[in-house]
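S.K.: Can you read through this structure? Questions will come right after.
The values are calculated or read from the model by the stated rules, or taken from the named source; none is laboratory data. Since we're looking at a predicted model, the values are computed, not measured. Don't worry about glycine lacking a Cβ; one is built from the backbone with ideal geometry, like all the others, and counts go over all protein chains shown.
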Amino acid sequence: IMDFYNFMSPRPEETTMRQEVVDRIESVIKELWPTAEVQIFGSFSTGLFLPTSDIDLVVFGKWEKPPLQQLEQALRKHNVAEPYSIKVLDKATVPIIKLTDQETEVKVDISFNVETGIKAASFIKEYVKKYTVLPYLILVLKQFLLQRDLNEVFTGGISSYSLILMVISFLQLHPRIDARNPNMNLGILLIEFFELYGRHFNYLKTGIRIKNGGAYMAKEDIMKAMSNGYRPSMLCIEDPLLPGNDVGRSSYGAMQVKEAFDYAYIILGHAVSPLARSYPNKDSDSTLGRIIKVTQEVINYREWIIKKWGPSHKDSVGQVETGTLLGVGVEDQQQRDSVSPHSADSPMSLSSPQQHSSASSASSLSGSDIVSIAFHPCPYNPINILHYTGYSTF
């Protein structure tokens with residue numbers, strides 16, 4: 001888990017590239033509305049993003065209603081986005097513009113005058129300080145959901161915010177341990193997370209509360225705090241920042257996520273049992289590699305980013321080490337200007353951005369296009385793994 005986290009964590013080049021995307025969009029917005037303020041929230045703000053994660057932006061200004069079409073036209077005029085990628089979702093609960101950046105193929109969501117995202121990012125950063133194990137679990141779980149196309153609400157999955165709140169609740173209410181201990185066995189925590197939400201959590205009757213130290217609530221009690229006529233969703237998570245809001249209300253595919261978690265619990269349970277030593281593939285797959293993979297497209301994409309946004313290897317020894325880790329030397333800065341994401345030298349010419357996010361779906365977990373990183377789990381006593389019960393009452 002730690003190896004996976006270190007491998008997939010944002011590199012300086014990826015942060016630089018994403019900031020340039022933000023700057024491009026902000027320049028268009030400022031040209032339209034000089035007094036508008038653009039802020040970043042979501043995973044790019046918290047640092048908990050995967051290489052193909054999107055960027056969330058919110059624009060603050062004085063409008064009677066969100067000027068979605070006006071910004072859409074300006075973005076088209078300046079060729080910031082790929083022409084067919086711009087979508088205006090004006091009927092959504094939170095109206096947004098979705099686009100894919102022309103130069104980098106990074107996906108971006110833009111909303112207007114919505115403060116909750118900014119507050120949520122600050123909220124998550126506070127819990128990352130409190131629970132040092134949180135980022136490790138989040139990155140693994142994000143990858144797990146991503147490759148099964150369960151990481152977006154509109155495709156039947158759950159949002160990143162819902163996932164993070166589920167992990168926070170799991171750590172808050174763990175029956176046996178103090179999850180603030182940075183030396184906790186991450187492997188056991190991950191299996192217990194899958195056990196709780198894949199096996200024992202009662203989705204029909206129980207809601208999740210984070211505030212005041214966390215609690216499991218009867219949905220009937222949560223419903224009392226909601227607006228009239230509202231019924232709690234299957235995955236009911238009380239928003240700790242907006243009383244009366246159910247974070248999981250749009251997650252109509254929550255039971256698919258539950259089934260995926262149950263699957264992971266079974267697979268990992270088998271992988272860490274004493275019998276696993278006799279499995280025919282015991283030397284080819286790491287324990288974690290049985291449930292998550294990294295596609296070659298993603299590795300190529302990261303190599304391309306380091307080539308294009310990395311400083312010359314003569315200027316920074318540290319960046320050479322980063323490039324070597326990914327199997328690529330860091331090119332001179334001039335190459336940035338000569339290689340576009342659509343050129344033959346770019347991995348982005350091989351597949352669309354949608355393939356980068358979903359090419360690692362469950363149906364493609366076998367074949368030569370998948371790279372299984374040799375993640376080595378933390379040492380543990382196999383017998384202990386059989387005694388992490390304690391959730392049977394939920």
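S.K.: Filter the range 158-181 down to residues that are farther than 13 Å from Val257 by Cβ and outside any helix (DSSP H, G or I), then give me how many there are.
M.R.: Qualifying residue count, the range 158-181: 9.
S.K.: Out of Glu115, Glu126, Glu82, I need the residue that is modelled with pLDDT of 95 or more, of a type in the set (D, E, K, R) and either more than 21 Å from the chain's Cα centre (by Cα) or more than 20 Å from Thr52 (Cα to Cα) (or both). Which one?
M.R.: Glu126
S.K.: Give the residue, chosen from Phe49, Phe44, that is within 25 Å of Phe193 (Cα to Cα), not in a loop (DSSP other than H, G, I, E, B) and not assigned by TED's automatic domain parsing to the domain that holds Pro311.
M.R.: When all the criteria are applied, what remains is Phe44.
S.K.: Go through the residues of the range 56-70 one by one and say whether even a single one is surrounded by fewer than 19 Cβ atoms within 10 Å (Cβ to Cβ), over 22 Å from Ser122 (Cβ atoms) and small (Gly, Ala, Ser).
M.R.: No, the range 56-70 has no match at all.
S.K.: When you scan the range 255-343 for helices (runs of 4 or more DSSP H) that lie fully inside it, which ones turn up with 2 or more residues that are at negative phi and modelled with pLDDT of 50 or more?
M.R.: Ranges flagged: 296-309.
S.K.: Specify the residue that is nearest to Gly61 (Cα to Cα); the eligible residues are those in the range 98-148 that are free of Cβ contacts under 8 Å to residues at least 60 places away in the same chain, assigned to a loop (DSSP other than H, G, I, E, B) and among the aliphatic types (A, V, I, L, M).
M.R.: Val114
S.K.: Follow-up question, since we're still on this one. Among residues belonging to the range 71-102 that are farther than 21 Å from Glu115 by Cα and of a type in the set (Ser, Thr, Tyr), point out the one that is surrounded by the fewest Cβ atoms within 10 Å (Cβ to Cβ).
M.R.: That would be Tyr84.
S.K.: Restricting attention to the range 143-158, report how many residues are in contact with a Ser or Thr (Cβ under 6 Å, 6 or more places away or on another chain) and small (Gly, Ala, Ser).
M.R.: Here the count works out to 0.
S.K.: Restricting the search to the range 254-265, which residues are over 23 Å from Lys91 (Cα atoms) and either touching a residue at least 60 places away in the same chain (Cβ under 8 Å) or surrounded by 18 or more Cβ atoms within 10 Å (Cβ to Cβ) (or both)?
M.R.: Across the range 254-265, the qualifying residues are Gln256, Val257, Lys258, Glu259, Ala260, Phe261, Asp262, Tyr263, Ala264, Tyr265.
S.K.: Of a type in the set (Phe, Trp, Tyr) and in the same structural domain as Asp56 (by TED's automatic domain parsing): does that describe Tyr84?
M.R.: In short, yes.
S.K.: Can you find even one residue in the range 208-220 that is out of contact with any Cys (no Cβ under 9 Å at 6 or more places or on another chain), on the phi < 0 side of the Ramachandran plot, among the small types (Gly, Ala, Ser) and part of a loop (DSSP other than H, G, I, E, B)?
M.R.: Within the range 208-220, none of the residues are out of contact with any Cys (no Cβ under 9 Å at 6 or more places or on another chain), on the phi < 0 side of the Ramachandran plot, among the small types (Gly, Ala, Ser) and part of a loop (DSSP other than H, G, I, E, B).
S.K.: Filtering the range 240-253 down to residues that are buried (at least 22 other Cβ atoms within 10 Å of the Cβ) and not β-branched (Val, Ile, Thr), which residue is farthest from the chain's Cα centre (by Cα)?
M.R.: Checked the range 240-253; the qualifying residue farthest from the chain's Cα centre (by Cα) is Asp246.
S.K.: Within the range 19-38, can one find any residue that is within 14 Å of Lys107 (Cα to Cα), in a loop (DSSP other than H, G, I, E, B) and within 26 Å of the chain's Cα centre (by Cα)?
M.R.: no
S.K.: Kindly indicate whether any position in the range 109-131 is under 25 Å from Asn300 (Cβ atoms) and in contact with a helix residue (DSSP H, G or I) (Cβ under 7 Å, 6 or more places away or on another chain).
M.R.: No, the conditions are met nowhere in the range 109-131.
S.K.: Same structure again: Restricting attention to the range 186-232, which residues are of a type outside the set (Val, Ile, Thr) and under 22 Å from the mean Cα position of the chain (by Cα)?
M.R.: Correct list: Leu186, Gly187, Leu189, Leu190, Glu192, Phe193, Phe194, Glu195, Leu196, Tyr197, Gly198, Arg209.
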